[in-house]
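The block underneath contains the structure these notes are about, expressed in structure tokens.
Derivation of every value follows stated rules applied to the coordinates shown; laboratory data play no part. What you see is a predicted model; the values in this text were computed from it and never measured. Neighbour counts run over all protein chains shown; Cβ positions are idealised from the backbone, glycine included.
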Ligand SMILES: Nc1ncnc2c1ncn2[C@@H]1O[C@H](COP(=O)(O)OP(=O)(O)OP(=O)(O)O)[C@@H](O)[C@H]1O
């Protein structure tokens with residue numbers, strides 16, 4: 001995979017103006033205030049269409065008054081030949097009539113050269129975000145429709161045979177090159193960190209991946225760790241300390257457990273994302289961030305935000321690209337795959353021969369809800385392999401662990417309380433307790449693949465009690 005310098009935006013921006021000093025000052029302003037550095041400059045109006053034919057452009061900043069080919073002529077040509085390219089007019093004429101004409105011809109926005117620089121930069125940024133979104137939308141659609149992955153190798157660490165995970169892969173691939181943050185959510189142990197590594201690999205940036213767990217960091221430690229400090233910033237600050245942002249230059253900054261970030265630090269992170277600038281502690285010279293941000297959490301940020309514990313504006317910024325990893329209990333086909341993988345891994349790590357296992361093990365695991373997800377399965381397998389002696393893996397340690405926790409009360413699909421209620425919604429009269437017990441026993445036996453030991457655990461009775469019930473059921477038939 002080719003590594004690249006972090007360019008923003010992911011498409012080229014063409015500035016067209018016959019006055020070289022204007023192009024120069026505009027490109028400096030765009031880079032300094034918004035980190036826009038993927039810029040191509042052009043002073044000669046007759047070259048514009050040739051340059052655009054090279055491809056890779058998403059935005060043109062176009063002067064109106066130029067020799068040879070006027071801006072509105074060019075605008076007409078661009079919008080008809082490259083309708084996906086957005087054009088912003090930057091004109092010396094402060095009049096309504098040419099502005100209206102340009103908008104009618106398809107310009108996205110119109111600025112006068114004497115407008116404040118800030119407004120112009122904000123307008124350009126707005127257009128960039130719109131083009132990024134449109135590009136990504138197109139990418140995602142095409143990948144989902146064709147069920148294709150361009151870089152399957154980047155996902156090799158993440159084992160899965162699940163369709164919804166494959167869709168998550170495709171989504172991640174479509175957004176991985178964007179410079180906007182990526183939010184990864186999912187329960188604990190589901191593989192968020194693996195996805196963050198994969199996002200970094202897919203982005204193709206040349207810098208490193210720098211990870212930091214922000215849970216429990218007080219605001220000063222957070223700022224010092226991320227932004228670094230100048231000598232004398234506080235009593236023990238004798239030398240310059242490079243922050244994580246600088247260490248992640250042209251790479252990825254991965255902030256784990258973002259849901260636990262203190263409210264004061266949330267404000268600082270928001271500013272960093274909005275402006276792309278930060279101040280090391282004790283310094284009045286801003287530095288520009290040129291790494292992309294990936295964050296992860298196992299918390300429900302929607303809920304936290306509603307409860308006032310997570311800033312809405314930060315949440316909004318972070319979830320522009322949102323990757324949600326489903327829990328293991330809703331992708332049960334992955335369990336045997338992961339089980340086999342961890343068996344091999346554990347045997348190798350512990351210097352043992354890879355054991356085989358009874359079929360019953362897969363059934364036992366298929367009925368367990370795995371609150372700790374893949375990490376929990378991994379730990380169970382390592383534990384079993386470490387104590388195992390014969391050729392076939394014993395189920396004892398699995399049963400002990402699973403027995404200590406309650407098995408899924410209503411099986412894999414019982415995800416919400418609402419479903420529990422729905423069982424009775426349409427019933428005109430309630431079934432008898434014996435009928436329900438019989439149904440429950442049959443369902444447990446079905447889920448346990450006929451294994452009485454597992455079925456009895458599923459419904460919380462002893463195996464002899466289950467066996468007695470089954471006998472009774474048979475007699476009653
Ligand atoms: N699909 C998978 N294939 C192979 N290994 C996996 C997969 N998912 C998770 N793992 C492994 O499970 C363990 C937990 O994964 P990881 O640390 O990425 O989870 P997490 O969601 O970041 O957890 P936490 O929320 O606790 O930080 C790791 O050892 C990881 O390698």
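Computed from the mean reciprocal separation of all distinct C-alpha pairs, what Kirkwood hydrodynamic radius does the range 147-326 have, in Å?
Numbers: mean 1/r = 0.0591 Å⁻¹.
Over the range 147-326, the inverse of the mean reciprocal pair distance is 16.9 Å.
How much of the DSSP beta bridge set in the chain is antiparallel, as a percent to the nearest 5?
Working: 4 of 41 bridges.
Percentage antiparallel, nearest 5: 10.
Using only Cα atoms, locate the centre of the range 189-241 and the centre of the range 327-351, then give the distance between them in Å, rounded to an integer.
If we compute the Cα centre of each part, the gap is 31 Å.
How much FRET efficiency would the formula 1/(1 + (r/R0)^6) give for residue 81 and residue 188, where r is the Cβ-Cβ distance and R0 is 60 Å, rounded to 0.05? Before the final figure, lay out each step's value.
Working: r = 52 Å, r/R0 = 0.86.
The value I calculate is 0.70.
By what distance, in whole Å, do the Cα atoms of the range 12-134 stretch along each of the three principal axes, largest value first?
32, 31, 26
Calculate, in nm to one decimal, what residue 240 and residue 463 gain on full extension: separation in residues at 0.36 nm each, minus their alpha carbon distance.
Result: 73.6 nm gained on full extension.
Would you mind computing, in nm to one decimal, how far apart the modelled labels at residue 432 and residue 392 are, each placed 7 Å from Cα along Cα→Cβ?
Between residue 432 and residue 392, the label points sit 4.1 nm apart.
If one takes the longest principal axis of the Cα atoms in the chain, at what angle in degrees, from 0 to 90 and to the nearest 10, does the Cα axis of helix 334-349 lie?
90 degrees
Restricting to the range 147-326, compute how many DSSP beta bridges are antiparallel as a %, nearest 5. The partial results should precede the final answer.
Working: 4 of 22 bridges.
The antiparallel fraction comes to roughly 20 percent.
Counting C-alpha atoms alone, how compact is the range 329-404: give Rg to one decimal and Dmax as a whole number, in angstrom.
When restricted to Cα atoms, the range 329-404 yields Rg and Dmax of 11.4, 33 Å.
Averaged across orientations, what area in nm² does the convex hull of the alpha carbons in the range 428-476 project?
Details: hull surface 14.6 nm².
Averaged projected area of the range 428-476's Cα convex hull equals 3.7 nm².
Would you mind ranking 302, 260 so that the residue whose beta carbon has the fewest other beta carbons within 10 Å leads the list? Present the calculation step by step, with values, prior to reporting the outcome.
On the way: 302 12, 260 18.
By the 10 Å Cβ count, ascending: 302, 260.
Relative contact order of the range 428-476: what whole-number percent is it, with Cα pairs under 8 angstrom and at least 6 residues apart?
Values: 26 pairs, mean separation 14.4, N = 49.
Reported as a whole number, the value is 29 percent.
Taking the mean number of other Cβ atoms within 10 Å as a proxy for protection, how do you rank 34-43, 349-358 from highest to lowest? Walk me through the numbers on the way to the answer.
Details: 34-43: 18.5, 349-358: 12.2.
Highest to lowest by the protection proxy: 34-43, 349-358.
On a 0 to 90° scale, report how tilted helix 263-275 is relative to the longest principal axis of the chain, with both axes built from alpha carbons and the result rounded to the nearest 10.
40 degrees
How do 432, 142 rank when sorted from fewest to most other Cβ atoms within 10 Å of their own Cβ?
Working: 432 9, 142 12.
Placing the least packed residue first, the sequence is 432, 142.
Using helices alone, what [θ] at 222 nm do you get for the chain, with -39,500 (n - 2.57) per DSSP H run of 4 or more residues, divided over all residues and rounded to the nearest 500? The partial results should precede the final answer.
Working: 20 runs with 227 residues, N = 477.
Counting only the DSSP helices, I get -14500 deg cm²/dmol.
Could you calculate, for the chain, the ratio of the Cα radius of gyration to the Kirkwood radius, expressed as Rg to Rh?
When Rh is taken as the Kirkwood radius, the ratio is 1.10.
Going by alpha carbons, how many degrees (0 to 90, nearest 10) lie between the helix axis of 192-203 and the longest principal axis of the chain?
30 degrees
Between residue 157 and residue 356, what's the calculated FRET efficiency when r is the beta-carbon distance and R0 is 25 Å? Round to 0.05. Mind dumping the intermediate values first?
Numbers: r = 25 Å, r/R0 = 1.00.
For R0 = 25 Å, the calculated efficiency reads 0.50.
Fully extended, how many nm does the chain gain between residue 101 and residue 349 (0.36 nm per residue separation, minus their Cα-Cα distance)? Please report the intermediate quantities before stating the final value.
Details: separation 248, 0.36 × 248 = 89.28 nm, distance 7.08 nm.
My answer for the length gained is 82.2 nm.
Mind sorting 323, 392 by how few other Cβ atoms lie within 10 Å of their own Cβ, fewest first?
Working: 323 23, 392 11.
So the residues, fewest neighbours to most, are 392, 323.
Over what distance in Å are the Cα centres of the range 364-393 and the range 87-146 separated?
The range 364-393 and the range 87-146 have Cα centres separated by 55 Å.
At R0 = 60 Å, how high is the FRET efficiency between residue 440 and residue 68 if r is their beta carbon distance? Nearest 0.05 is fine.
0.10
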